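Peer 1: Sending over a structure as structure tokens; questions will come in a sec.
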Amino acid sequence: MRMMISFAALFLSVILMQLASGGLGPLDALSGLALSFTTSQIGLLGSAHFLGFFIGCWWAPRLMGTVGHSRAFAAFTAAGAMSLIAHMVVIDAYAWAAMRIAMGLCVAGCYTVLEAWLQAKVTNATRGRAMGVYRLADMGASLVAQMLISVLEPASYVSYNLLALICCAALLPITLTTAEQPETPNAPRLRPGLAIACSPLAAAGVVVAALSSATFRMVGPLYGQQVGLAIEQIAWFLAAFVLGGALAQFPVGWLADKYDRRHVLIGLSIAAVCSCVVTAWLGALSAQGVMLTAFFFGLTSFPIYSVSAAHANDFARDDQRVELSAALMFFYALGAIAAPLAASKLIEAYGPSAMFIMIAAAHIALVIFGLSRMRVRPTRADRTRYVWSPRTSFIVGRLTRGFRDKG
């Protein structure tokens, strides 16, 4: 309990930051529609967010080393709050893209500070409980964030200001805490080749995971609007995806530890393809049917990143795991930057079903690549444990490193 109280400020800041940033994606998509932005321009906003996110992951550890944790957190939060407020000051799609870069920078920077602080304070005895509460706070807030658009009016100054207020509120717990700031961790080297050297399949898996998640969360509101969902139903549509992904972690983790992880990865992708095909070709689904397919899509696609990361760690040395985490996030960022813009262009040209056809094609390619890799080398007998791997910062590899003991 003492440990939970000492981390309460960190967890509260996580919740508030997730609410502000998680609510912005669907609000921007619906606001763009209300302001007559093109589908491609709305997709560009999602891609811009992940570009800023990647820049923030790389820059945040260096800024922390210069000004300290609290000041770095304040600077990143200020950038996010200003980008939120500026939305209704400058009504232009490309200006909004620049604002989304700033918001992505804010999210990555704030998570880097919070996770660096958490990693420095946990011990081997408290790591499991701290990460459990952290996961609950992050996923719970993400779920609630999707529902915010049911109460936020698109293209409204008030809506963006409410998100800005929540973003500013994230400053209070972390800046007012009396806990001593930890030493600044060294930033891990960014070595994308390390992920390919450990497991080309894992590198491909995180790209497909990014394509699935980033496309759905950033462009999903466009799909919902074009198939006739009301704003409240779009909120449930997005929340169903997050809920499915959260519930999948435990059974998929059990399967990934018991069986060949490549079989699990291929099985998840096949199931994701089935979900995409059903959604794409059965356009006459009821609202409840659309929610169900979104839930199943989250159930099958969301855990792919963690399974891929676990498979890559099976072939890494202990001293490589932090840099491997950064390398996998690099590939995730590449997929997340490209996917929303590509999906929006396909929707613009071929209709809403094209989004799920694109995702299905990516999963089919992953299945084929996974089967080919199984012919190249066997799996490891002394595998690491499956670990939930959040895509939040380059520092997260240090938080999860203690769980990846050889089993």
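The values are calculated or read from the model by the stated rules, or taken from the named source; none is laboratory data. Keep in mind that what you see is a predicted model, and the values were worked out from it rather than measured. All Cβ positions, glycine included, derive from the backbone under ideal geometry; neighbour counts span all protein chains shown. To get the accessible areas, we keep the full protein, side chains included, count just its heavy atoms, and leave off ligands, DNA and RNA. Shrake-Rupley method; radii C 1.70, N 1.55, O 1.52, S 1.80 Å.
Peer 1: For the range 26-40, how many residues are within 21 Å of the chain's Cα centre (by Cα) and open to solvent by 10 Å² or more (accessible area, probe 1.4 Å)? Steps first, answer last, please.
Peer 2: Applying the first criterion (within 21 Å of the chain's Cα centre (by Cα)) to the range 26-40 yields 26-30.
Remaining after also requiring open to solvent by 10 Å² or more (accessible area, probe 1.4 Å): 30.
Total meeting the criteria: 1.
Peer 1: Right, another one. Tell me whether the range 56-72 contains one or more residues that are surrounded by fewer than 21 Cβ atoms within 10 Å (Cβ to Cβ) and within 28 Å of Leu211 (Cα to Cα).
Peer 2: yes
Peer 1: Just to verify a result, which residue in the range 317-369, among those that are under 30 Å from Asp382 (Cβ atoms) and among the basic types (Lys, Arg), is surrounded by the most Cβ atoms within 10 Å (Cβ to Cβ)?
Peer 2: Arg321
Peer 1: Pairs under 9 Å by beta carbon, first residue over 18 Å from Val207 (Cβ atoms) and in contact (Cβ under 8 Å) with a residue 24 or more places away in the chain in the range 38-65, partner among the basic types (Lys, Arg) and assigned to a helix (DSSP H, G or I), six or more apart or different chains?
Peer 2: Going by the 9 Å Cβ cut-off, the qualifying pairs are Thr39/Lys345; Ser40/Lys345; Leu44/Arg100; Leu45/Arg100; Ala48/Arg100; Gly52/Arg100; Leu63/Arg71; Met64/Arg71.
Peer 1: Let me ask you something else. Starting from the range 126-144, keep only residues that are among the β-branched types (Val, Ile, Thr), then list their pairs with residues that are in a loop (DSSP other than H, G, I, E, B) whose Cβ atoms are within a distance under 8 Å, requiring at least 6 positions of separation or different chains.
Peer 2: Val133/Phe7
Peer 1: Shifting gears a bit: With the checklist (1) at pLDDT 90 or above; (2) hydrophobic (A, V, I, L, M, F, W, C); (3) open to solvent by 60 Å² or more (accessible area, probe 1.4 Å); (4) under 21 Å from the mean Cα position of the chain (by Cα) in hand, flag the one item Ala197 doesn't pass.
Peer 2: (4)
Peer 1: A further question follows. So, in the range 97-125, exactly how many residues are part of a helix (DSSP H, G or I) and without any contact (Cβ under 8 Å) to a residue 60 or more places away in the chain?
Peer 2: Within the range 97-125, the first condition is being part of a helix (DSSP H, G or I), and the residues that meet it are 97-121.
Add one more test, that the residue is without any contact (Cβ under 8 Å) to a residue 60 or more places away in the chain, and what stays is 97-99, 101-102, 104-105, 109.
So the count comes out to 8.
Peer 1: In addition: Out of all the residues in the range 275-292, which are in a helix (DSSP H, G or I) and touching a Ser or Thr at 6+ places or on another chain (Cβ under 8 Å)?
Peer 2: Correct list: Ser275, Val278, Thr279, Ala280, Trp281, Val290.
Peer 1: Here is a further query. Out of the residues in the range 370-400 that are polar (S, T, N, Q) and buried (at least 20 other Cβ atoms within 10 Å of the Cβ), which is farthest from Ser40 (Cα to Cα)? Walk me through how you get there before you give the answer.
Peer 2: Of the residues in the range 370-400, the ones polar (S, T, N, Q) are 372, 379, 384, 389, 392-393, 400.
Checking which are buried (at least 20 other Cβ atoms within 10 Å of the Cβ) leaves us with 384, 389, 392-393, 400.
Values: Thr384: 42, Ser389: 31, Thr392: 26, Ser393: 28, Thr400: 37 Å.
Checking each candidate, the answer is Thr384.
Peer 1: Scanning for something closer than 21 Å to Glu183 by Cα and not in a helix (DSSP H, G or I), does the range 77-88 turn up at least one residue?
Peer 2: Scanning the range 77-88 turns up no residue that is closer than 21 Å to Glu183 by Cα and not in a helix (DSSP H, G or I).
Peer 1: Still on this structure, please answer the following. Return only the number of the condition from (1) under 17 Å from the mean Cα position of the chain (by Cα); (2) open to solvent by 20 Å² or more (accessible area, probe 1.4 Å); (3) among the aliphatic types (A, V, I, L, M) that Ala287 does not satisfy.
Peer 2: So the condition that Ala287 fails would be (1).
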